[in-house]
1. Taking Rh as the Kirkwood radius computed over C-alpha pairs, what is the Stokes-Einstein D of the stretch 33-80 at 4 °C in a medium of viscosity 1.567 mPa s, expressed in µm² per second?
2. Net charge within 14 Å of Val30 by Cβ-Cβ distance, Lys/Arg positive one each and Asp/Glu negative one each, not counting Val30 itself?
3. Would you mind working out the magnitude of the charge dipole of the stretch 14-72 relative to its Cα centre, with +1 at each Lys and Arg C-beta and -1 at each Asp and Glu C-beta, to the nearest 20 Debye?
4. Between Val69 and Gln49, with labels modelled 7 Å along Cα→Cβ, what's the label distance in nm to one decimal, could you check?
Amino acid sequence: MPFGILQVLTEMRTPTPNVEATLEALAGVVADSVQYSRLNRELQHSLNQLFLVYEVGRLFNLATSLDDVLLQVRDQLAEP
């Protein structure tokens, strides 16, 4: 139950059904927020990888030799 710690802090009184429902809803909101944050980090990572693939393709189109492409790809991978 999401209200376990609050129950200890309130001297073991049982919460009313309204308080329990509110705490459960709050726990759901917190869980959703954590999930959205994780998904946002994963999405940002995927976008960074996609951008890197795009840049490598662009470098292939602009480069005059394979050595130029490899040097530029190395430089792209070395950037933070």
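What follows draws every value from the coordinates through simple rules; no lab data is involved. Predicted model only: the values in this text are computed from it and were never measured. Every residue, glycine as well, gets a Cβ built from its backbone with ideal geometry; the counts of neighbours run over all protein chains shown.
1. Once the numbers are plugged in, D ends up at 107 µm²/s.
2. -1
3. 60
4. According to this spin-label approximation, the distance is 2.1 nm.
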